[in-house]
Amino acid sequence: WKVRRLEEVFPKDPSLQGFNVNRGQKIALRLRRHGNEDSFLPWEHVLGTMLHELSHIEVGPHNSNFYKLLDELNGEYDELEAKGIKGP
C-alpha cells in the first residue's frame, strides 16, 4: 500500500483516534492524549490505530472483510515482534 500523506491530528472528539482519506491519500492519527498535548499515547495504541487505518485502504466499511484483514495485519505484527523486529 501507498500512503501519500501521514499527519498528526488533535480532534476535539476524544474517541476519534484517526482517519483515512481516499483509501490512503492521507492517514491522520492522534499521537497525543486528548487534552494533554505533552503526553504521547502508548506505541501499541498508535500502532493499532495505524493498522486500522491501513486496513481501510482495502476495505472501507467496518464489516467482516475489514476485521479479517485487520486481524491478519495484527498477526503479521505479532510475528515480527516475536522475531525481535519492532518499532520504537
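Comparing Cα centroids, the stretch 42-88 and the stretch 5-29 end up 15 angstrom apart. With all protein chains kept in place, the per residue accessible area of the chain amounts to 69 square angstrom at a probe of 1.4 angstrom. Note on LYS86: lysines with a C-alpha under 25 Å away, same-chain residues under 8 apart excluded, are LYS2, LYS26, LYS68. Nonpolar atom fraction for the chain, defined as the carbon and sulfur part of the 1.4 Å probe accessible area, stands at 51 percent.
Within the assembled protein chains, the solvent-accessible surface assigned to ASP38 is about 140 Å², based on a 1.4 Å probe.
The values are calculated or read from the model by the stated rules, or taken from the named source; none is laboratory data. Since this is a predicted model, take the numbers as computed values, not measurements. SASA here: full protein model, heavy atoms, side chains in, ligands and nucleic acids out. Shrake-Rupley method; radii C 1.70, N 1.55, O 1.52, S 1.80 Å.
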